[in-house]
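Everything on this sheet refers to the single structure shown next.
The values are calculated or read from the model by the stated rules, or taken from the named source; none is laboratory data. None of these values were measured; they are calculated from a predicted model. All Cβ positions, glycine included, derive from the backbone under ideal geometry; neighbour counts span all protein chains shown. Each accessible area value is taken on the protein alone, full model and side chains, heavy atoms only, with ligands, DNA and RNA left out. Shrake-Rupley method; radii C 1.70, N 1.55, O 1.52, S 1.80 Å.
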Amino acid sequence: LQQRPLALGILAALILRAAIITAGIALLERFAWLLPLFGVVLLVTAYRMLRAELAEESDEPHSHPLLERLQRLLPVSAALHGEQLTVRERGRRLLTPLGLSIVAIIGLDLVFAVDSLPAVIAISPDAFIIATSNAFALMGLRSLYMLLAGARARFALLGIGLSAALFFIGGKLVAGALLGFELPTWLSLLVVVGCLGGSIAASILRERR
């Protein structure tokens with residue numbers, strides 16, 4: 001049943017990112033001092049991601065804190081019920097596990113929408129580039145989902161590379177806003193590609209050993 005939550009999750013991500021991007025750019029045009037705060041958001045995200053990678057936290061879905069909180073707040077059926085998102089049991093309307101997964105995906109979409117805005121602003125402040133790059137990335141994820149899911153399992157150090165890229169982008173935002181220090185776009189992209197490519201290469205070497 002992965003295709004349905006995948007499609008709904010991507011649709012929700014497109015809508016949420018469009019809203020966050022529109023609001024974020026409007027805020028930055030009016031309050032330029034918010035830019036270093038966006039950088040701090042990325043630094044905190046990078047730190048949390050790195051801590052999770054080093055702690056080797058469980059990837060089992062039931063262990064995710066968001067799901068645990070949702071199950072406390074929302075009544076959930078114990079049975080799967082196929083493709084149904086909700087079901088009525090004993091006079092109560094309950095979410096099915098599939099419905100719960102979609103609610104969780106939309107919740108995570110909101111988190112990633114907030115994170116993605118400062119990340120892409122650090123590369124380009126152009127609203128058109130920000131919007132289209134997010135849209136193309138999300139549509140590409142639909143096609144590459146199975147490949148990426150397998151790659152994430154194989155490239156064990158990719159999370160550390162992502163953390164390093166976020167640390168760099170967050171630091172670039174803070175330094176640019178507070179110190180006026182700017183890097184050319186090609187160099188920023190080179191550093192990001194280096195972080196991701198280096199972590200993938202290290203993962204392959206580690207797997208071979």
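In segment 132-142, is there at least one residue being among the charged types (D, E, K, R), in contact with a helix residue (DSSP H, G or I) (Cβ under 7 Å, 6 or more places away or on another chain) and more than 17 Å from residue 44 (Cα to Cα)?
Here is the first cut: in segment 132-142, the residues among the charged types (D, E, K, R) are 142.
Filter once more, keeping what is in contact with a helix residue (DSSP H, G or I) (Cβ under 7 Å, 6 or more places away or on another chain): 142.
Next, only the ones that are more than 17 Å from residue 44 (Cα to Cα) stay: 142.
Checked segment 132-142: at least one residue is among the charged types (D, E, K, R), in contact with a helix residue (DSSP H, G or I) (Cβ under 7 Å, 6 or more places away or on another chain) and more than 17 Å from residue 44 (Cα to Cα).
List the number of the failed condition for residue 152; all other conditions in (1) under 26 Å from residue 10 (Cα atoms); (2) open to solvent by less than 50 Å² (accessible area, probe 1.4 Å); (3) in a helix (DSSP H, G or I) hold.
(2)
Against the conditions (1) part of a helix (DSSP H, G or I); (2) aliphatic (A, V, I, L, M); (3) surrounded by 13 or more Cβ atoms within 10 Å (Cβ to Cβ), where does residue 139 fall short? Just the number, please.
Unmet condition: (3).
Just to be sure, is residue 100 open to solvent by less than 20 Å² (accessible area, probe 1.4 Å), free of Cβ contacts under 8 Å to residues at least 24 places away in the same chain and either charged (D, E, K, R) or on the phi < 0 side of the Ramachandran plot (or both)?
Working: open to solvent by less than 20 Å² (accessible area, probe 1.4 Å): yes; free of Cβ contacts under 8 Å to residues at least 24 places away in the same chain: no; either charged (D, E, K, R) or on the phi < 0 side of the Ramachandran plot (or both): yes.
It is false that residue 100 is open to solvent by less than 20 Å² (accessible area, probe 1.4 Å), free of Cβ contacts under 8 Å to residues at least 24 places away in the same chain and either charged (D, E, K, R) or on the phi < 0 side of the Ramachandran plot (or both).
Right, residue 18: modelled with pLDDT of 80 or more, of a type in the set (A, V, I, L, M) and either part of a loop (DSSP other than H, G, I, E, B) or exposed (fewer than 11 other Cβ atoms within 10 Å of the Cβ) (or both) or not? Working first, answer last.
Values: modelled with pLDDT of 80 or more: yes; of a type in the set (A, V, I, L, M): yes; either part of a loop (DSSP other than H, G, I, E, B) or exposed (fewer than 11 other Cβ atoms within 10 Å of the Cβ) (or both): no.
Considered against the rule, which asks whether it is modelled with pLDDT of 80 or more, of a type in the set (A, V, I, L, M) and either part of a loop (DSSP other than H, G, I, E, B) or exposed (fewer than 11 other Cβ atoms within 10 Å of the Cβ) (or both), residue 18 comes out as no.
Which condition number in (1) open to solvent by less than 80 Å² (accessible area, probe 1.4 Å); (2) over 25 Å from residue 33 (Cα atoms); (3) modelled with pLDDT of 90 or more is the one that residue 205 fails?
Only one criterion is unmet by residue 205, namely (1).
Could you look through segment 104-115, keep only residues that are over 11 Å from residue 20 (Cα atoms) and surrounded by fewer than 19 Cβ atoms within 10 Å (Cβ to Cβ), and pick out the one that is nearest to the chain's Cα centre (by Cα)?
Looking at the filtered set, the residue picked out is 108.
Can you name every residue in segment 54-72 that is part of a helix (DSSP H, G or I) and either modelled with pLDDT under 80 or open to solvent by less than 50 Å² (accessible area, probe 1.4 Å) (or both)?
Answer for segment 54-72, where residues must be part of a helix (DSSP H, G or I) and either modelled with pLDDT under 80 or open to solvent by less than 50 Å² (accessible area, probe 1.4 Å) (or both): 55, 61, 62, 63, 65, 66, 67, 68, 69, 70, 71, 72.
Tell me which of these residue 84 doesn't satisfy, since it passes every other one: (1) among the polar types (S, T, N, Q); (2) open to solvent by 80 Å² or more (accessible area, probe 1.4 Å); (3) at pLDDT below 80.
(3)
Across segment 155-200, which residue is farthest from the chain's Cα centre (by Cα) among those that are of a type in the set (Ser, Thr, Tyr) and surrounded by 12 or more Cβ atoms within 10 Å (Cβ to Cβ)? Step through it out loud before you land on a result.
If we filter segment 155-200 for residues that are of a type in the set (Ser, Thr, Tyr), which is where we start, we get 163, 185, 188, 199.
From what is left, the residues that are surrounded by 12 or more Cβ atoms within 10 Å (Cβ to Cβ) are 163, 188, 199.
Working: 163: 12, 188: 20, 199: 18 Å.
Among them, the one singled out is 188.
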